[in-house]
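What follows draws every value from the coordinates through simple rules; no lab data is involved. Predicted, not measured: the structure shown is a model, and the values here were computed from it. Glycine gets a Cβ as well: all are built from the backbone with ideal geometry, and neighbour counts include every protein chain shown.
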Amino acid sequence: MISSSKVRQQFIDFFKSKEHHFVRSSPVFPIDDPTLLFTNAGMNQFKPIFLDQEKPKYNRVANSQKCIRASGKHNDLEEVGVDNYHHTFFEMLGNWSFGNYYKNESIKWAWELLTEVWKLDKSKLWVSIYKDDDETGEIWKQITDVDPNRILKFDKKENFWEMGETGPCGPCTEIHYYTGNDPQNQDSKGVNVLPEYREIWNLVFIQYNRKLDQSLENLPATHVDTGMGLERITAIINGYESNYDTDLFQPIIKAVEKISGKSIQFEDGIPHRVIADHLRMISFSIADGIMPGNEGRGYVVRRILRRALKFGRSLGLNNPFLHLLVDGLVEQMKDAFPEIYEKQSHVKKVILAEEKSFNRTLDKGLEIFENICNTLDGNIISGEDAFKLYDTYGFPLDLTELLAREKDLSVDISLFNKCMEQQRTRAREAGKFGVKVNENQWVQIEGLNKSNFIGYSENSSVSRIIKYRINKNESEIVLNNTPFYSESGGQVGDKGKIYNNDFSFNVLNTQKLGDDIIHYGRFINGKLLDDFTVTAEIDLSLRQSTEHNHTATHLLHKALKTNLGDHVNQAGSLVSPEKLRFDLTHYEQISKNDLMMIEKDVNSIILQNIKLNILETSFDSARKDGAEALFGEKYGDLVRVVDVPGYSKELCGGTHVSRTGDIGLFKIISESSLASGIRRIEAVTGKNAIDRVVINEQILDEISSVLNTSNDKVIIHIGDLKNKIKFLEKELNRINKKNQVELISDLMRNAIEINENKLIFSMVENISDLKEFGIQVLDKCVKKTAILLGLKLNNKPLVFCGVTPDLIGKIHAGNIVRELGSRMGGGGGGKPNLATAGGKDLNLLDDTLEFGKNKLIELLK
Ligand code: SER
């Protein structure tokens, strides 16, 4: 057997020998691509290079990329576990050429690796090419010994690869391998149709950009982007029929068999495979910083997690079990992906918390699901019901569909989607996952392709405009050098001005797109003529406030770890001039006392006025040095380390104060829950913190003056007041009770006699609970009495009706009040002997009571 680690290494070594540079896998979600929820191919992190927005550092690279295909254009969820070669999470081995080699070399090397290094049987290999790409067919024939009859043409669907709705794309050639049991009878018709003809390697010749309007734009250079699933190729090299037979899955599947006591034979092994697959997707997502939740990526992770739990139930695993499988996964993957080892305990805790919370709602939800099925007219579950299951019981749609399929039912998805629309508005996060349509033409002034950030040391610069574009609302300017920081790592983009003698441009935000630092804003005076030399000036006071908050964020991160424990990880942050926001993984409310200690620690570092040390070094040496790397950041080979010597060390590209004393003061203003297992802290620094303290002091002064006491005695005073209120409430209660006793006697004395019966009828006042009062009255009546009371409470009309047991045959209190309630625009009901009703319109109470009285008189006669 050859292990998956060895296959991975052989791939990388092979391409290193062809002068490729190894790059780390990027996280499972793209940091700065709003068009994608998850990394779905190895090429994602190179998208800006293909689009000519960024210059490559190396023009040949290779790696094994963590990919997720569980949403969007490339989504394999339904196949997972049912077949044995699709996955939600997989590793994509890839080699890339950025404007360097093209079709010849990529085809030659692919063939060499498969047939010479891995020695795959040539008589089982097939090649597919794009129908219009004869050139690629010729190359296959000329430089490899593939049987020409095994080169097949396919159309766009099969052989034109696109990463998403927009973005880099091009024709591709794919290599397929016959895995069936009858090699003598292979047939070209099976390729791209039958599962035994397995696609193993895709070589894409990137040459276009698909635009929003769906047109194709030629890219300035041609590139190669290849991708091969590690799981599939490992299975094939080993002669396994299933990816799940490889060492990537076997330890997990064995563990599932062990804890469930159900062998892989049970239900064809589908639950085992689904769980093993989903565990990898969930664990790597959480390790990269995604938290299960109700929106975006977090929602997809939660869905997959719940799907795994549902399959666990079919194995009888009703208690939390998924987190127990994490250790085995980590053991298998930690050498290739150290992040999974570093976040191991975090991943387990998050999964366990999700398992517990889901189990709580699942039983209830399943019950509701059964009810829905039992009362179903036909075989379609309505969209509203599916939405109710989603909204109230946390059933993702695909879980409902899965349960429905088991009963041969289907779900009305279009109505479900309608119901989801409102929820989605939130998930869209103010357009974060919508693509900004801004396709006015850039006006290019200089050929330069890269703008330089000089704002670590400069606040203003004399710069040249490289390009600009005028839009209706916000125009955009790119400079050769700029002191403006572009939003990243949680720190907001700088504001300020760009101007010369012709115009003044108000910069409202700064963002980075590829290598471009774009200043967004408006022309406020004059306009851009032919002088492209400008002064660029950031709003220094805003920048400084942001820096106070940014450095304070690092100090807070460290103080949280010290006071709460090592499980604390940063799950997100926002650093603006006004305040800082820090989301952290922590499983309960942070106590007031802990918050105080955290605040105190941060302020003590501020007081020590420590000089920051900021340096650039290699990623590996920074990590060895113990620098904190944030979840999901995309780091180059050179990283920036922000060191507060003796206290905190983080990888960070943001701007910071030069000494901690600059921050002035740090004040936490709120602590709240953001999602299960995530808390959010907001804090202010510098002038904002001082203002806050001053305002608090003023409020305290006012309270003291109202209470006519001094600040230090306020608490005692309030304590006294509370005691006094308690005493007075008791007194009031006593007096009310006494009054009620008298009121009841009055009511009984004034009862109307009808034949041998009595009717107690009245409007009452000063009663806080009409039903309770009515029952007291009823208790006092021995026999042959009916009671009808009315009350106006909180601007609403209420009625009470009660009868002694001997009158129940004659009068049904519940029916009486139901009628009275509906006359007042409301409703009510109760038992035959006592009932209450409420209405909406106060003015109807008198007439309604009168009506009730007459009705009772009739009945009592
Ligand atoms: N981007 C192509 C794919 O995902 C090749 O890597 O198939």
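Computed 3J(HN,Hα) for segment 831-842, one whole-Hz value per residue from the Karplus formula 6.51 cos²θ - 1.76 cosθ + 1.60 where θ = phi - 60°, is 8, x, 9, 7, 7, 10, 9, x, x, 10, 10, 4, glycine and proline marked x. Under a 5 Å amide H cut-off, with hydrogens placed 1.01 Å from N, His586 pairs with Ile678, Arg679 among residues at least 5 apart or on other chains. Each residue of segment 233-246 was assigned a 3J(HN,Hα) from its phi angle through the Karplus curve 6.51 cos²θ - 1.76 cosθ + 1.60 (θ = phi - 60°); the sequence is 5, 5, 4, 5, 4, 7, x, 7, 7, 10, 4, 6, 7, 7 Hz, with glycine and proline shown as x. 3J(HN,Hα) along segment 362-376: 4, 4, 4, x, 5, 4, 4, 4, 4, 4, 4, 5, 5, 9, 6 Hz, from the Karplus curve 6.51 cos²θ - 1.76 cosθ + 1.60 with θ = phi - 60°, whole Hz, x for Gly and Pro. Of the peptides 663-670, 268-275, the ranking by mean beta-carbon count within 10 Å, highest at the top, reads 268-275, 663-670. Run a plain Debye calculation on segment 750-822 (Cα atoms as equal point scatterers, no solvent) and give log10 I(q)/I(0) at q = 0.14, 0.23 Å⁻¹, rounded to two decimals, same order as the q list. So the normalised log intensities work out to -0.42, -1.09. Amide H to amide H, with H built 1.01 Å from N, Val657 comes under 5 Å of Thr551, counting only residues 5 or more places away or on other chains. Considering segment 443-508 at the alpha-carbon level, its Rg and Dmax are found to be 12.1, 35 Å.
Taking the number of Cβ atoms within 10 Å of each Cβ as an exposure proxy, the fewest-first ranking of Thr848, Thr551 is Thr848, Thr551. Only helical runs count toward this figure. For the chain, summing -39,500 (n - 2.57) over DSSP H runs of n ≥ 4 and dividing by all residues gives -12000 deg cm²/dmol at 222 nm.
Principal axis extents of the Cα atoms in segment 566-712, from largest to smallest and rounded to whole angstrom, are 65, 36, 24. Ordered from longest to shortest, the equivalent ellipsoid semi-axes for segment 210-351 are 30, 21, 16 Å, each the square root of 5 times a Cα gyration tensor eigenvalue. Note that segment 632-709, at 4 °C in a medium of 1.567 mPa s, gets a Stokes-Einstein diffusion coefficient of 79 µm²/s from its Kirkwood radius over C-alpha pairs.
For Asp620 and Lys840, calculate 0.36 nm times their separation in residues minus their Cα-Cα distance, and state this gained length in nm to one decimal.
Gain in length upon complete extension: 72.2 nm.
Principal axis extents of the C-alpha atoms in segment 34-190 (largest first, rounded to whole Å): 48, 39, 31. As a proxy for reagent exposure, Thr804, Thr553, Thr655 were ordered by neighbouring Cβ count within 10 angstrom, fewest first; the result is Thr804, Thr655, Thr553. Computed over the Cα atoms of the chain, the ratio of the radius of gyration to the Kirkwood radius (Rg/Rh) comes to 1.09.
Panel order for Lys157, Lys600, Lys124, by other beta carbons found within 10 Å of each beta carbon, from fewest to most: Lys157, Lys600, Lys124. Using all pairs of distinct alpha-carbon atoms, the Kirkwood hydrodynamic radius of segment 276-407 works out to 15.6 angstrom. Considering every alpha-carbon pair of segment 209-253, the percent of pairs per 5 Å bin, from zero through the bin containing the longest distance, is 5, 18, 16, 11, 8, 7, 8, 13, 12, 2.
The average projected area of segment 431-540, computed from the convex hull of its Cα atoms over all directions, is 7.0 nm². Extension gain, Lys6 to Arg659, is 230.2 nm, computed as 0.36 nm per intervening residue step minus the present C-alpha separation. All Cα-Cα separations within segment 488-586 were binned at 10 Å from zero, giving a P(r) of 15, 34, 26, 16, 7, 3, each value a whole percent of the pairs.
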